[in-house]
Each structure stands twice: as C-alpha cells, then as structure tokens.
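What follows draws every value from the coordinates through simple rules; no lab data is involved. In this text the structure is predicted, and so the values were computed from the model without any measurement. Cβ: placed from backbone, ideal geometry, glycine included. Neighbour counts: every protein chain shown.
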Amino acid sequence: MKRQNWLVIAVALAAALTTTAADASKLVVRNLCTATVWMEQLNVPDAPKVARIASGRQRTYKIPMGKAVEATRWWPKTGCDETGENCKIGQSIGPCPAGGCAPPIDSKFEATWCVGDSCETFFNLSAVDGYTLPVGMRPKAKDNISAACTPAACPSLSTRKGVCPTDEDLSTNGQFPALKGQDLRMRDPVSGKITGCFSPCGKLTYAKAFGGHDYKPQDPEAAYYCCKGVADTPEVCGAGPVRHTSYAKLIDEACRRQVYGWAYDDANGTHTCTGDVTIVLTICPKS
C-alpha cells in the first residue's frame with residue numbers, strides 16, 4: 001500500500017478516535033458549596049474511590065466505552081481528613097469515624113450508563129433514604145428534547161428546622177401511635193450536631209445511635225414507608241401513607257417532582273437519555 005494511503009487511513013483513524021473520546025459519556029461534578037467536598041463513588045471502573053473537589057472547582061469522571069456500566073453511585077462528603085475519610089457528613093462506608101459510620105442517607109446520584117448511539121442511560125437523584133447536601137443535575141445529550149432526558153435540582157434542601165420535618169406522622173394511619181411526631185433530623189452521636197435528614201423509611205430502619213428506630217424494612221412498623229414485605233409493589237405502597245408524608249411533599253416541592261422521594265417514585269425520579277451523554281452534577285446548586 002502506498003505511503004499516502006497509509007497516511008490517509010491514519011488520519012481517518014485518529015479523527016474517529018478523537019470524535020469517540022469527545023462523545024463518550026461522562027459525569028462532571030461541580031462543587032458550588034463554600035467548603036471542600038469529597039466525592040465517594042461505587043462501581044466506576046478506573047476512578048478513585050474518593051476524590052477531593054475544592055469550592056468552585058469540578059472533576060470529570062469518564063465512563064468506559066464498550067459495555068454498560070451498571071449501578072454506579074456518587075455522593076458528597078464534607079468535614080473530612082486529608083485522605084477524604086473520617087468525614088463529619090457523608091461517611092456512610094468505612095473507614096468509620098468515632099461513633100461509627102453514619103446511616104447512608106446521603107444525597108445520591110445514581111446511573112446505569114450505556115455508551116453508544118441507540119442505547120439508553122438511566123440516571124436519577126435519590127432522596128429515598130434521606131439527604132445531606134442540596135444537589136442538582138443537568139444532562140447534555142443528542143436527544144435533549146426527550147421528555148425523560150431532563151434536569152433536576154433541589155437547591156433549597158437543608159437540614160435546618162422548618163425544612164427537614166420535625167413532626168412527621170409515621171404511625172401507619174394510626175396503627176402505631178408511638179410513631180407520631182417524629183423528628184427526621186439525623187444527629188451525630190458524638191457531637192450531637194445535625195448532619196442530615198432521614199426519609200420516613202430511613203428514620204424507622206436506621207441505627208438508634210443516630211436517631212433511628214432500628215426496625216427491619218419489612219417489619220409492620222416500616223413496611224408501608226420502605227415498600228417492603230406486605231407493601232412491596234408500586235400499587236400497594238403507593239396507596240399507603242408514604243406518598244402523603246411531609247417528607248415526600250418536601251421532596252416533591254423542593255425538587256419540582258424530578259427526584260425520588262420514596263422507593264417506587266419512578267414517575268418523578270427516573271431520567272433517561274439515548275446515546276452518549278454528559279451529566280453535570282452540582283453540589284449546592286444556586287437555583
């Protein structure tokens with residue numbers, strides 16, 4: 001083959017590779033909080049377990065090409081040591097600080113990525129377990145006009161009284177009267193400081209040391225808030241009390257019905273984009 005033909009092929013291959021790399025799916029995490037945020041992640045190949053993002057900076061996670069990358073998850077941590085561990089907020093997996101790891105009520109971004117022109121990436125913000133910091137997300141994809149390839153943001157979420165419910169009725173329509181008037185704010189067992197907001201399911205099932213009740217999700221006290229056991233279908237759980245809690249109404253209003261507020265909240269929480277997608281995840285969005 002003549003030299004000029006090799007050159008033409010080489011240039012074409014380089015251009016194709018450049019285009020592929022530019023179009024590959026990725027997550028860009030922006031930190032608009034006033035403090036440093038450490039992002040913890042699960043199931044992302046070739047990415048650090050924890051990454052530091054200073055205030056006003058961002059970090060890009062590239063999603064490997066060639067096959068689906070399933071069940072990825074990111075969440076923010078603050079008040080951490082120099083390694084991004086022993087955090088005051090968000091340390092829900094080891095190494096655990098004094099007092100133990102916190103219940104996993106972190107503000108979560110979750111995605112199953114499918115890289116290619118015709119497959120779909122499914123992604124969401126989840127407050128099913130609770131929340132810690134305000135978050136927002138915005139996808140950029142070829143099909144941005146799709147009804148499901150849409151942004152979501154919860155800029156007004158906070159743990160202060162008056163936002164996180166402090167008088168939540170979790171009595172399952174009066175069956176368990178002792179569970180009326182529940183304060184959903186989570187407190188650090190060592191400092192006593194508020195570090196997050198439980199969801200109804202989280203309040204009922206997470207550790208007593210942090211303010212929970214330690215029921216199992218399928219226990220009668222928790223089943224209709226966790227959608228487990230006798231309530232483990234969208235129809236049964238959706239007809240129960242969880243949709244009408246102050247917490248579910250808070251998530252709907254603060255997040256404009258674009259975020260999971262309870263386990264089967266698919267109509268609000270599920271987002272999809274076709275083809276390669278860049279998603280910008282913002283911690284402490286301004287609006």
Margin query: Looking at region 55-99 only, could you name the residues that are over 17 Å from Ser126 (Cβ atoms) and acidic (Asp, Glu)?
Written below: Asp81, Glu82, Glu85
Margin query: Which numbered condition in (1) closer than 22 Å to Ala209 by Cβ; (2) in contact (Cβ under 8 Å) with a residue 60 or more places away in the chain; (3) out of contact with any Phe, Trp or Tyr (no Cβ under 8 Å at 6 or more places or on another chain) is the only one that Gly79 fails?
Written below: (2)
Note to self: Between Gly202, Gly211, which is in contact with an Asp or Glu (Cβ under 6 Å, 6 or more places away or on another chain), under 14 Å from Gln182 (Cβ atoms) and of a type outside the set (Ser, Thr, Tyr)?
What the structure shows: Gly202
Check: Which members of region 170-191 meet the condition of being closer than 16 Å to Thr132 by Cβ and crowded, with 17+ Cβ neighbours inside 10 Å?
Finding: Leu184, Arg185, Met186, Asp188
Item checked: Scope region 130-164; condition more than 21 Å from Arg30 (Cβ to Cβ) and surrounded by 23 or more Cβ atoms within 10 Å (Cβ to Cβ); matching residues -> Gly130, Cys164
Margin query: Among the residues of region 39-50, what is the count of those that are among the aliphatic types (A, V, I, L, M) and within 16 Å of Leu133 (Cβ to Cβ)?
Written below: 2
Notebook entry, point to check: Name the residues in region 252-268 that are more than 16 Å from Cys226 (Cα to Cα) and touching a residue at least 60 places away in the same chain (Cβ under 8 Å), would you?
Noted result: Ala254, Cys255, Arg256, Gln258, Val259
Checklist line | Residue list for region 33-78, restricted to those being polar (S, T, N, Q), within 18 Å of Cys284 (Cβ to Cβ) and assigned to a strand (DSSP E or B) | finding: Gln58, Thr78
Notebook entry, point to check: Looking at region 186-221, which of its residues are in contact with a strand residue (DSSP E or B) (Cβ under 8 Å, 6 or more places away or on another chain) and closer than 23 Å to Tyr264 by Cα?
Noted result: Gly196, Cys197, Phe198, Ser199, Pro200, Gly202, Lys203, Tyr206, Gly212
Next item on the list: Considering every residue within region 225-236, establish whether at least one is in contact (Cβ under 8 Å) with a residue 40 or more places away in the chain and either surrounded by 15 or more Cβ atoms within 10 Å (Cβ to Cβ) or among the aromatic types (Phe, Trp, Tyr) (or both).
Entry: yes
Item checked: Qualifying strands (runs of 3 or more DSSP E) (wholly inside region 86-188; at least 2 residues being under 20 Å from Trp262 (Cβ atoms) and free of Cβ contacts under 8 Å to residues at least 40 places away in the same chain) -> 108-113
Note to self: With the requirement that a residue be out of contact with any helix residue (DSSP H, G or I) (no Cβ under 6 Å at 6 or more places or on another chain) and part of a helix (DSSP H, G or I), what does region 225-247 give you?
What the structure shows: Pro234, Glu235, Val236, Gly238, Arg243, His244, Ser246
Next item on the list: Working only within region 253-262, note down all residues that are in contact with a helix residue (DSSP H, G or I) (Cβ under 7 Å, 6 or more places away or on another chain) and either surrounded by 15 or more Cβ atoms within 10 Å (Cβ to Cβ) or under 19 Å from Arg185 (Cβ atoms) (or both).
Entry: Gln258, Val259, Tyr260, Gly261, Trp262
